[in-house]
Amino acid sequence: MVGLKTIRFTGGNMDIKEPNGIRILCIEDEHFISELYARALRRAGYDVTTLVSGDDGLRAAQKDNYDIIMLDLMIPGMTGFEVLRELNKHQPKLKAKIIITTNLDQDETSKDEIEKMADGYLIKAEFTPRQLVTIIDDLVSGKNINESLIEPA
Amino acid sequence: MITYLQPLRESIWLKIILVTLFSLLSGVIAYVILTKYITVSPYVAACSSLAITFIVSVIISKRVADQAMASTNLLVRALIIGLDDSPEIEKPDAKDIIKPSREYLIKLAERAMDINVAIKSTNQAGLSKMHFYQAVADSIAVPIIVVSSKQIITYANNAAIKYLELSPEKIIGQYFYDACNLSFVGGSTLESWLESAKDGSNKQNEIWERVRLNLAEDKRKQFDLAAHYIKDSDKDIELTLAFFDRTLHYERDDHDLSFVSLAVHELRTPLTIMRGYIEVFEDELTESLNSEQTEFMHNMSASAQQLAAFVSSILNVARIEENALYLHLKEENIKKVLEEACKNMQLRARVHDKNIVVNIDDNLPTVGIDKVSIFEVMNNLIDNAIKYTHTKEDITVKTTLKDGMIETTVSDNGIGIASNVIGHVFDKFYRAHKSKNSIGGTGLGLYLSKAIIDAHGGTIWVKSKEDQGSTFGFTVPIYSDIASQIKDSQNKEIVRGAHGWIKNHTLYRG
């Protein structure tokens, strides 16, 4: 068992930042999760749009107004996987970077395909919204992605 | 075979109506006889004729049901499932052959014709009845094997020889378990059934689902196995086995959402939400909380994280058991990897007033490992060392070159492991220690570690003495020894972690 790691209690100092103009599309059907993500990302200055279904998500993504798309795999209508495939097929030059945010573990059969099409894959339950924001901050600033972030310490 | 099935399909309702009519008729006749000729009271007559109606209908229904059952015997099932090799046909469920589709019946007719041809040709040759049955069995697409009471295969049809991927002489006349390496799901196996059959009835059928046949080169097939035996007067058993291949079907199950990955997904969703809201409270409530409440908040957050980690472990255990644990082997500097792993754990060790001493040889050759998995192994070993050491003594991590492998050991001077339980520490859910009630843990850590090291082609071991401490060690291969087996990954820019990956620099705009 991976040991219970001590979380340092930072306490009440998650600063509210000025809008940074970076647009994020969050496609997520679980209302509480999208609320938490949107809240944390907005406080960090991001411009967040949340959508629930795969079909709406695809339509919005095709307009290519976003910098980052956070895509859940198990969503109503088209699945996240289908959305990803569709975007990859018809809009290979999409500006947005697609990060899969899911609680589904990647299975070996679809792994290669997802690795080719997406820019990241994160298991939601393993990250708190704040940790997710840190990963996205690093992505945006071009800092070297710290591996310990993906394996939260 | 068509005539076998047709009456079932066309006349099952007719039969039901006939049974009903006949029993009603018998009731009416009984009533008439009782009132007219025996002259009992109408009340008694009504009751007795109702009873007679009931008894008659039960008896006739039983006969009709027996007839229907008889026509779904093993051979018919074998034929029906034997058509599975025609994927264009929509197949009825093996258990539901009452309503086969039109195409299915046509296909079945073709197969029956094949058999018919076989029968005719054997008749012309004037062969014995035995040969006739053999010819029938040989023309069936279902693999069939006959095993004697000495567990020697006495007969295998053509389909079986093809299915087992062995030459005929390696099947017929051979010991059954040599030719077929089978694994069963759950407790009931062919052997246990045969064992109970020794005292049982003279004739019996049994079906097992999801049986696996292990072939050479890690190839496997999955099927439902139907068995039928006849016991003769000398208590000799002749066992007939039919293999209904389901490899594609079951593999798809395994790869799609298996029960475990679905359960894990469902557990993780509320966990994600809980961890999220706890964090909101942590961030925004702290100032209004007293120190005790702050600690409670911390406990809640830590427990939610622990639960998330445990849920992931369950998934890994399931993967190991489905033989689906995959590693991303890469060339790594072992010193760097271990120092990073120890750095992650050092903080935790400090909290428990312990220190990790790292002593790694310089100039070790590079290793071929999956870094994330080795992190997990190190976390487990160091975590155990911390948990089972109650003094302030150091935990030592050492790495050396040994017998052509790189060996890493984690030693503590803790409470150690008793000699009678030490053989079980790598078992699943085994928590040996008498202190297991006071020390948290799931009993999965060492089981997972062993699976990870095994998958690397290394070995994991433990040496321990009660009250003197334990040393866990594991070996991993040198990169140059396995370099040829490692497929060069095309995604070199991917940064992998235990819970996901990110392509580096993807958003960097200069």
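What do you reckon, is A:Asp105 within 12 Å of another protein chain (Cβ to nearest Cβ), free of Cβ contacts under 8 Å to residues at least 24 places away in the same chain and within 30 Å of B:Leu325 (Cβ to Cβ)?
Yes: the conditions hold for A:Asp105.
Residue pairs, Cβ under 9 Å, 6 or more apart or interchain, first in the stretch A:122-141 and within 21 Å of B:Ala263 (Cα to Cα) and among the small types (Gly, Ala, Ser), second open to solvent by less than 10 Å² (accessible area, probe 1.4 Å) and outside any helix (DSSP H, G or I). List them.
A:Ala125/A:Asn103
Results for (1) more than 9 Å from chain A (Cβ to nearest Cβ); (2) in a strand (DSSP E or B); (3) modelled with pLDDT of 85 or more, shown as yes or no for each residue.
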| site | (1), (2), (3) |
| --- | --- |
| B:Gly458 | yes, no, yes |
| B:Lys463 | yes, yes, yes |
| B:Phe474 | yes, yes, yes |
| B:Ala483 | yes, no, no |
| B:Lys487 | yes, no, no |
| B:Lys492 | yes, no, no |
| B:Arg496 | no, yes, no |
| B:Leu507 | no, no, no |
| B:Gly510 | no, no, no |
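In the stretch A:51-75, which residue that is within 14 Å of chain B (Cβ to nearest Cβ) and in contact with a Ser or Thr (Cβ under 8 Å, 6 or more places away or on another chain) is most open to solvent (accessible area, probe 1.4 Å)?
A:Met74
From the list A:Leu94, A:Leu41, A:Leu25, which one is farther than 24 Å from B:Ser261 by Cβ and assigned to a helix (DSSP H, G or I)?
A:Leu41 is the lone residue from the list that is farther than 24 Å from B:Ser261 by Cβ and assigned to a helix (DSSP H, G or I).
Please determine, by comparing only the residues of the stretch B:10-53 that are among the charged types (D, E, K, R) and surrounded by fewer than 13 Cβ atoms within 10 Å (Cβ to Cβ), which one is modelled with the lowest pLDDT. Write out each step before concluding.
Narrowing the stretch B:10-53 to residues among the charged types (D, E, K, R): B:10, B:15, B:36.
With surrounded by fewer than 13 Cβ atoms within 10 Å (Cβ to Cβ) added as a condition, the list becomes B:10, B:36.
On the way: B:Glu10: 48, B:Lys36: 83.
That would be B:Glu10.
May I ask you to list pairs of residues, at least six apart or on different chains, whose Cβ atoms are under 6 Å apart, with the first in the stretch B:449-468 being farther than 30 Å from B:Glu322 by Cα and the second being surrounded by fewer than 15 Cβ atoms within 10 Å (Cβ to Cβ)?
Correct list of pairs: B:Glu466/B:Ala418.
Scan the stretch B:339-347 and give yes if some residue there is more than 11 Å from every other protein chain (Cβ to nearest Cβ) and either in contact with a strand residue (DSSP E or B) (Cβ under 9 Å, 6 or more places away or on another chain) or over 30 Å from A:Glu35 (Cβ atoms) (or both), otherwise no.
Yes.
Quick one: A:Ile100 ticks every box in (1) assigned to a helix (DSSP H, G or I); (2) open to solvent by less than 10 Å² (accessible area, probe 1.4 Å) bar one, so which box is it?
Going through (1) assigned to a helix (DSSP H, G or I); (2) open to solvent by less than 10 Å² (accessible area, probe 1.4 Å) one by one, A:Ile100 breaks only (1).
Could we say that B:Gly469 is surrounded by 14 or more Cβ atoms within 10 Å (Cβ to Cβ), closer than 30 Å to B:Ala302 by Cβ and at pLDDT below 85 here?
no
Can you name every residue in the stretch B:358-377 that is within 14 Å of another protein chain (Cβ to nearest Cβ) and either assigned to a loop (DSSP other than H, G, I, E, B) or among the aromatic types (Phe, Trp, Tyr) (or both)?
Matches in the stretch B:358-377: B:Asp370, B:Phe375.
Can you report the number of residues in the stretch B:378-418 which are in contact with a Leu (Cβ under 8 Å, 6 or more places away or on another chain), outside any strand (DSSP E or B) and among the hydrophobic types (A, V, I, L, M, F, W, C)?
Total meeting the criteria: 1.
Yes or no, residue by residue, for (1) facing another protein chain (nearest Cβ under 8 Å); (2) of a type in the set (A, V, I, L, M):
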position: B:Glu292; (1), (2): no, no
position: B:Glu295; (1), (2): no, no
position: B:His298; (1), (2): yes, no
position: B:Ala309; (1), (2): yes, yes
position: B:Val317; (1), (2): no, yes
position: B:Glu321; (1), (2): no, no
position: B:Leu327; (1), (2): no, yes
position: B:Val337; (1), (2): no, yes
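The values are calculated or read from the model by the stated rules, or taken from the named source; none is laboratory data. None of the values given here were measured: they were computed from a predicted structure. Note that each Cβ is placed from the backbone with ideal geometry, even for glycine, and that neighbours are counted across all protein chains shown. Side chains included, ligands, DNA and RNA excluded: accessible areas come from the protein's heavy atoms. Shrake-Rupley method; radii C 1.70, N 1.55, O 1.52, S 1.80 Å.
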